[in-house]
Amino acid sequence: MNLNKVFIMGNLTRDPEKKALPSGQAVVNFGVASNRFYLDKNQQKQQEVEFHNVVAFGKTAEVIAQYLKKGSLILVEGRIKTRNWQDQAGVKHYMTEIITEKMQLGPRPGGAGASEGSYQPSQKYNNQSPAPAAQQRAPRTAEPEIPVIEEGEQFSGFIEKDDGEINVSEIPF
């Protein structure tokens, strides 16, 4: 079995460049810079930056072109593809890109209480629809009681209920 899957989170290195395919489908190209932090042999913190070419199609491309600009944070899930072409001089060129399958926008400048014109995600692009008011959970008032298992005791996996104990022999598995 083979797998071609990539997740990157970083900042756009340039404004998204929106174009249209001959079919009319939107396509957007942009760059993302991701950082890696590590300790060198002298235990000094070092930073390494990797630059990625990213492509998105369809509605995803339209959302990216509309809401993101250079410096915006994005999380991209996709696959790696290397394409090649030959220029007019006969030189063969290669470009490795991340083809976006899913993405999530980072926080907007100004935080949650941003100005009137701030971005509000649409349910159309949000994978999770909000729960109806009747199904939303009420805030917790107290932490649940966690059983304490003393050394030498064996935990059966069942917690005693208010209406009596669970008889393990009655469980059908």
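Any read-out appearing in this document is the output of simple, stated calculations on the displayed coordinates, not a laboratory observation. Only a predicted model underlies this, so the values are computations on that prediction, with no experimental measurement involved. Ideal geometry is used to build each Cβ from the backbone, glycine not excepted, and the neighbour counts take in all protein chains shown.
Near the amide H of Gly71, under 5 Å away, which other amide H atoms are found, from residues 5 or more places off or on another chain, if H is placed in the peptide plane?
Correct list: Leu12, Thr13, Arg14.
Determine, for Ser72, Ser34, Ser23, the number of other Cβ atoms within 10 Å of each Cβ, and report the residues in order from fewest to most.
Arranged by neighbour count, lowest to highest, Ser72, Ser34, Ser23 become Ser23, Ser34, Ser72.
If each of Tyr67 and Asn42 carries a label point 7 Å out from its Cα toward its Cβ, how far apart are those two points in nm?
Once both label points are built, they end up 4.4 nm from each other.
By count of other Cβ within 10 Å, fewest leading, how are Phe30, Phe37 ordered?
Phe37, Phe30
Where a Cα-Cα gap under 22 Å defines reach, which lysines qualify for Lys59, not counting those fewer than 8 residues away within the same chain?
Of all the lysines, those that pass the test against Lys59 - Cα under 22 Å, at least 8 places apart if same chain - are Lys5, Lys18, Lys19, Lys69, Lys70, Lys81, Lys102, Lys124.
Remind me, relative contact order of the range 1-74 in percent, using alpha carbon pairs under 8 angstrom and six or more residues apart?
38
Note down the magnitude of the dipole of the range 6-107 about its Cα centre, charges +1 on Lys and Arg C-beta and -1 on Asp and Glu C-beta and zero elsewhere, to the nearest 20 debye.
With Lys and Arg at +1 and Asp and Glu at -1, about 20 debye.
Quick check: from the Cα gyration tensor, does the range 6-107 come out rounded (a/c under 1.5), prolate or oblate?
oblate
Does a label point 7 Å from the Cα of Glu77, set along Cα-to-beta-carbon, have any residues of the range 11-48 with amide nitrogen under 19 Å, and which are they?
Zone members listed by number: 11.
Going by how many other Cβ atoms sit within 10 Å of their own, how do Thr13, Thr100, Thr82 line up, fewest first?
If I rank by nearby Cβ atoms, fewest first, I get Thr82, Thr13, Thr100.
Mark the label point 7 Å from the Cα of Glu50 along Cα→Cβ and return the residues of the range 1-23 whose backbone N is within less than 11 Å of it.
Output list for this probe position: 6-9.
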